[in-house]
Amino acid sequence: MHVDDAVDGFLELVKARGARLTVDFASGTPVSINDIVATMASTLGVEVTVRHEGTVAEYIEFRSADTTMRDRFGVAPKISFADGLKRLSAFLS
């Protein structure tokens, strides 16, 4: 989730009235490490090779399907991962 989307979400939470609850601030879209690396490489115009080494005892995947932020507060990420990387690249240039 891009920082601008997170700030928008926090501002909505601060203004909210009613019950206090825990909400998930994830984008709701699972992204693999391979996808992150590929998107970063494409956005930055570089070629990379991902190499996986070793073994893991089990496959673990974390993802969020919590829609509370969208349903209750009307907050959903608007900035894609690729667009967020482009903004970061422009900021650092």
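Annotations
- Scanning region 28-77 for residues that are at pLDDT below 90 and charged (D, E, K, R) gives ASP35, ARG51, GLU53, GLU58, GLU61, ARG63, ASP66, ARG70, ASP71, ARG72.
- Matching residues, region 15-40, being polar (S, T, N, Q) and open to solvent by less than 80 Å² (accessible area, probe 1.4 Å): SER27, SER32, ASN34, THR39
- Being at positive phi and under 21 Å from the mean Cα position of the chain (by Cα) is a condition met by no residue of region 61-72.
- Among (1) within 30 Å of LYS15 (Cα to Cα); (2) open to solvent by less than 80 Å² (accessible area, probe 1.4 Å); (3) without any contact (Cβ under 8 Å) to a residue 60 or more places away in the chain - the single one THR43 does not satisfy: (1)
- Contact annotation: residue pairs with Cβ atoms under 6 Å, 6 or more positions apart or on different chains, pairing a residue in region 11-40 that is farther than 20 Å from VAL75 by Cα with a partner that is open to solvent by 80 Å² or more (accessible area, probe 1.4 Å) and part of a helix (DSSP H, G or I), are THR39/PHE81.
- Where a residue in region 61-90 is among the basic types (Lys, Arg) and its partner, wherever it lies, is modelled with pLDDT of 85 or more and surrounded by 12 or more Cβ atoms within 10 Å (Cβ to Cβ), with Cβ under 7 Å and at least six apart: ARG70/ALA76; LYS78/ASP5; LYS86/THR43
- Number of residues in region 1-12 that are open to solvent by 60 Å² or more (accessible area, probe 1.4 Å) and either assigned to a loop (DSSP other than H, G, I, E, B) or basic (Lys, Arg) (or both): the value is 1.
The values are calculated or read from the model by the stated rules, or taken from the named source; none is laboratory data. Worth saying up front: this structure is predicted, and the values here are computed from it rather than measured. Positions of Cβ are backbone-derived with ideal geometry, glycine not excepted, and every protein chain shown enters the neighbour counts. Just so you know, the surface numbers come from the protein's heavy atoms only, side chains and all, with ligands and any DNA or RNA stripped out. Shrake-Rupley method; radii C 1.70, N 1.55, O 1.52, S 1.80 Å.
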